[in-house]
Amino acid sequence: MQTKYEKAILEILQDYQAHKLTETEAVASVKALNVLDLGFATLDQSRSLRQGFPEVVYCAGKTIEQVVLIMEKLLEQHDNVLGTRATAAMYAAVKAKVPDAVYDEMARMIMVERQPLPQDADRVIAVVTAGTSDIPVAEEAALTAAIMGNKVQRIYDVGVAGLNRLLARVEDLRKANVIIVIAGMEGALASVVGGLVAKPVLAVPTSVGYGANFQGMSALLGMLNSCSGVAVVNIDNGFGAGRIASIINHLR
């Protein structure tokens, strides 16, 4: 399945072959497609060729106008575009320009999915949370993995305070190809899951917890010191976990 970017490159090559473009013109056209300088941002248009998905927009810290223009320009070359940590106001402005954009308020994500990527139903990414309060980060991970072409199973609120809840889902965990475990407080759930399965476990510490949680530092340190062999991403980084899980899930 060719992306808009790939089709544009192919058209340039065909025009050069047909002598409609000189060599200099063809090279300049490819360079213009590769990187787009907006002044306040330099868009990496060829990332989908290198990494399988277009550049993702981290919306926090950007103005509404910047988010809108970046999304518009990316959609000129790509069918699927993702914006993370977006506000409802950002979404409303994007929606006015991009009618098929959708917003997930819990995950704080703007999504445009015009050409869904194929999913392998036999290779599932399980997204697991310790508590209900961890779900916003979990949804960021789950929606990221889904738009990048993965079947996702959600297993929520199965933390160590009630291990019977987790043990009731062990078979689901073992059937998954990759597991993302999201937990705040002391972050113990990642170690428990890591000791139950023979699959990659990506641990996401969250800032959920009382004062001594230190905005997620206690969960982060607990996960980094796990003896059950888990990989750890940054605090509240659901997107990072979803992206890495997708890469692992697509390996053959």
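The values are calculated or read from the model by the stated rules, or taken from the named source; none is laboratory data. None of these values were measured; they are calculated from a predicted model. When we count neighbours, we look across all protein chains shown, and the Cβ atoms used for this are built from the backbone with ideal geometry, even at glycine.
Here is a check on your reading of the model: is Met106 in contact with a Pro (Cβ under 6 Å, 6 or more places away or on another chain) and at pLDDT 95 or above?
On the way: in contact with a Pro (Cβ under 6 Å, 6 or more places away or on another chain): yes; at pLDDT 95 or above: yes.
Answer is yes for this residue.
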> If a residue has to be of a type in the set (A, V, I, L, M), touching a Lys or Arg at 6+ places or on another chain (Cβ under 9 Å) and surrounded by fewer than 19 Cβ atoms within 10 Å (Cβ to Cβ) to count, how many in segment 89-102 make the cut?
Replying inline: 1
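Considering each of Val201, Val232 in turn, give the residue that is at pLDDT 95 or above, more than 23 Å from Met106 (Cα to Cα) and out of contact with any Cys (no Cβ under 7 Å at 6 or more places or on another chain). Please lay out each step first, then the result.
Numbers: Val232 fails: more than 23 Å from Met106 (Cα to Cα).
When all the criteria are applied, what remains is Val201.
Looking at Leu82, Leu143, can you tell me which residue is closer than 17 Å to Gly242 by Cα, of a type outside the set (Lys, Arg), in contact with a Pro (Cβ under 9 Å, 6 or more places away or on another chain) and crowded, with 21+ Cβ neighbours inside 10 Å? First the steps, then the outcome.
Working: Leu143 fails: in contact with a Pro (Cβ under 9 Å, 6 or more places away or on another chain).
Checking each option against the conditions leaves just Leu82.
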> Just one of Val160, Val128, Val56 is of a type in the set (Val, Ile, Thr) and either at pLDDT 95 or above or more than 27 Å from Ile248 (Cα to Cα) (or both); which is it?
Replying inline: Val128
>> Among the residues in segment 207-223, are any among the small types (Gly, Ala, Ser), closer than 30 Å to Gln119 by Cβ, surrounded by fewer than 24 Cβ atoms within 10 Å (Cβ to Cβ) and modelled with pLDDT of 95 or more?
In response: no
> Met90 versus (1) more than 20 Å from Asn234 (Cβ to Cβ); (2) in the same structural domain as Lys199 (by TED's automatic domain parsing): which is the lone unmet condition?
Replying inline: (2)
